[in-house]
Amino acid sequence: MSGRELQRIEVLSEVVAKKRTERSAAAVLGISTRQTRRLLTAYRDSGGSALIHKARGRASNNHLIAGVREYAMAIVRSKYADFGPTLASEMLLEKNELKVSRETLRKWMIEEGLWLSRRQRRSFHQPRLRRERYGELIQIDGSEHRWFEQRGEPCTLLVFIDDATSQLMQLSFVPSESTDTYFEALRGYLERHGCPVAFYSDKHTVFRVNRPDAKGGSGMTQFGRALAELNIEIMCANSSQAKGRVERANRTLQDRLVKELRLAGACDMESGNALLPVFLDRFNKRFAIPAASAENLHRKLNVPSSRLNDILCHREQRYVGAQLTFHYGRRQIILDRSELSEELAGKYVEVYDFSDRPLEVRWKGHSLPYRVFDKEQRVNQSAIVENKRLGHALAIVKAQQDITRTAKVMTNSQKGGYKKRGRKVYGPDYYEELQSAQAAVEMPV
């Protein structure tokens, strides 16, 4: 018997013994007086067994027939083992004409070990100690946010933070996370601090080739290639919790920096970047901590400025065809004929694509003159846009769509060459001029 039924027996026995009234028993049991009288009559006739629910021990009226569970789980185990309960129940109904409710199937899959609950699927991230030395590990990330609130457009803040000291090393407002913007931020970091041991980032395509079946290339991104030439290691975190230092810094900046920009009246990236050095110094005095070891692992940047420009740019190899042409960026590059270029048919040249000047074509250190045949369309319908650059890409598309292109429609008169003349005013000498003009026409006749 259940606890409620035992309570009813105790209260009704007090009513039978005249120690309690029916109204008092109804109030204690939380039922009506009429129901109390029914229970009391059954109790007097059949005793406490009359208070037990009559459906106890019987199968439910809507229970599934025997064998349905075995049949359903056999199908799920063979075809839908990696499906969730919701999708698996839909597939059973659609493909196998077997109707099983989502929650029933969830219970069966959990009991069979084919599905884990949310609590069971929860992962735990072990804490990681800070690096001991300054410049040993620099965490980098981009935070897209409405930094200027409603005064300006949303943009991305590139954040470089030292793992050992929580010191902000570099801040920069950019339109979006891209290779060019990270190249520019890296240049500022190297000129100010030198070369660290390693950078720690997420799995953004700027830092990592996420497609193992990608054709062409060496399996290394342009940013990774530049760091390799500078002898700097790049490591990618497997989760956002692994680089929690920079993630928590982003959350703090989205509060403090936004209000600093509001007080300063900054409304665009140019004015925001001008205020970042002052904010960075004040932030580090407030939040930076000393490293466990006093050693600084930053190495001096022993690279000339011209060499650094060649490193921090897009560099790719292209095959030169028999007509001394190759394709780059939906453009056809035509090499000018010379003694050097005529020998390059069937060979590879290296393309240096700079962000601030035209690209260069080089072969063994020699710069080759060329012409460009641009085949780029206004909109590339098949372009693959990453999630982190979607806002910037949509802004460019919107700007292109805002350019009004109105077609000029010509009337039939304009097509025939008709030109509208101004209204002629007839003066007092009009008829004399008309007679002299007629006489001039009649004289040759």
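The values are calculated or read from the model by the stated rules, or taken from the named source; none is laboratory data. Keep in mind that what you see is a predicted model, and the values were worked out from it rather than measured. Reconstructed Cβ throughout: ideal geometry from the backbone, glycine too, with neighbour counts over all protein chains shown. With ligands, DNA and RNA removed, areas are computed over all heavy atoms of the protein, side chains included. Shrake-Rupley method; radii C 1.70, N 1.55, O 1.52, S 1.80 Å.
With every protein chain in place, what's the accessible area of R256 (1.4 Å probe, Å², nearest 10)?
Roughly 100 Å² of R256 is accessible to a 1.4 Å probe.
Return the distance in nm (one decimal) between the two label points of a simple spin-label model at D82 and R34, each offset 7 Å from Cα along Cα→Cβ.
With each label point 7 Å from Cα toward Cβ, the separation is 6.0 nm.
Residues of the range 207-354: accessible area per residue at 1.4 Å, in Å²?
60
Would you mind listing how long the range 1-64 runs along its three principal axes, going by Cα atoms, in whole Å with the largest first?
47, 21, 19
Hey, what did the range 62-165 get for relative contact order, percent, Cα under 8 Å, at least 6 apart?
Across the range 62-165, relative contact order equals 18 percent.
Return the sequence-ordered ³J(HN,Hα) values of the range 13-29 in whole Hz as given by the Karplus equation 6.51 cos²θ - 1.76 cosθ + 1.60 applied to θ = phi - 60°, using x for Gly and Pro.
5, 5, 5, 4, 7, 6, 9, 8, 7, 5, 5, 5, 5, 4, 5, 5, 7
Quote the FRET efficiency, to the nearest 0.05, computed for A288 versus E316 with a Förster distance R0 of 51 Å and r equal to the Cβ-Cβ distance.
E(calc), rounded to 0.05, equals 0.80.
So, by mean Cβ neighbours within 10 angstrom, what's the order for 185-192, 146-153, 362-369 with the highest one leading?
So the peptides 185-192, 146-153, 362-369, ranked by packing, come out 185-192, 146-153, 362-369.
Can you pull the Rg over Rh of the range 37-91, Cα-only, Kirkwood?
On the way: Rg = 21.1 Å, Rh = 15.1 Å.
My calculation of the ratio gives 1.40.
Amide H of F354 versus every other amide H placed in the peptide plane: which residues, excluding those fewer than 5 positions away on the same chain, fall under 5 Å?
Answer set, sorted by chain and number: L359, E360.
Run the paramagnetic zone check for A27: 7 angstrom along Cα to Cβ, then residues of the range 1-17 with backbone nitrogen under 20 Å.
7-17
Let me have the relative contact order for the chain, percent, based on Cα pairs under 8 Å that are six or more residues apart. Please report the intermediate quantities before stating the final value.
Details: 491 pairs, mean separation 48.8, N = 445.
The normalised contact order for the chain reaches 11 percent.
Quick one: check the C-alpha center-to-center distance for the range 278-317 versus the range 244-262, whole angstrom.
Centre-to-centre distance over Cα atoms comes out at 21 Å.
At a probe size of 1.4 Å, how large is the accessible area of M220, to the nearest 10 Å²?
100
Which whole-number value in Å² is the accessible area per residue of the range 29-152, probe 1.4 Å? Don't jump to the answer; show the numbers that get you there.
Numbers: 8730 Å² over 124 residues.
With the other protein chains kept in place, the range 29-152 gives 70 Å² per residue.
If you build a Gaussian network model of the chain, linking Cα atoms that sit under 10 Å apart, which residue out of L257, L98, L171 swings the most?
For the chain, modelled as a Gaussian network with Cα springs under 10 Å, the answer is L98.
Just reorder Y182, Y370 by solvent-accessible area, largest first, 1.4 Å probe, all chains present.
The ordering from most to least exposed comes out as Y370, Y182.
Restricting to Cα pairs below 8 Å that are 6+ residues apart, what does the relative contact order work out to for the range 171-330? Please round to a whole percent.
Contact order relative to length: 31 percent.
Here is the link list: K18/K54; K243/K300; K259/K285. Which ones come out longer than 22 Å on Cα distance?
Too far apart for the 22 Å limit: K18/K54; K243/K300.
Which residues' amide hydrogens lie under 5 Å from the amide hydrogen of E144, considering only partners 5 or more residues apart or on another chain, with H built in the peptide plane?
Counting only residues 5 or more places away or on other chains, the set is L157.
Describe numerically, in nm with one decimal, the distance between label points set 7 Å from Cα along Cα→Cβ at R130 and at K259.
If labels sit at R130 and K259, their model points lie 2.4 nm apart.
Along each of the three principal axes of the Cα atoms of the chain, give the extent in whole Å, ordering the values from largest to smallest.
Rounded to whole Å, the extents work out to 144, 90, 56 Å.
Taking all protein chains in place and a 1.4 Å probe, what share, in percent, of the accessible surface of the chain do carbon and sulfur account for?
Solvent-exposed carbon and sulfur of the chain make up 50 percent of the total.
Place +1 on the Cβ of every Lys and Arg and -1 on the Cβ of every Asp and Glu in the range 198-301, take the dipole about the Cα centre, and give the residue among S201, L257, Q241 whose Cα lies farthest towards its positive end.
Checked the options; the winner is Q241.
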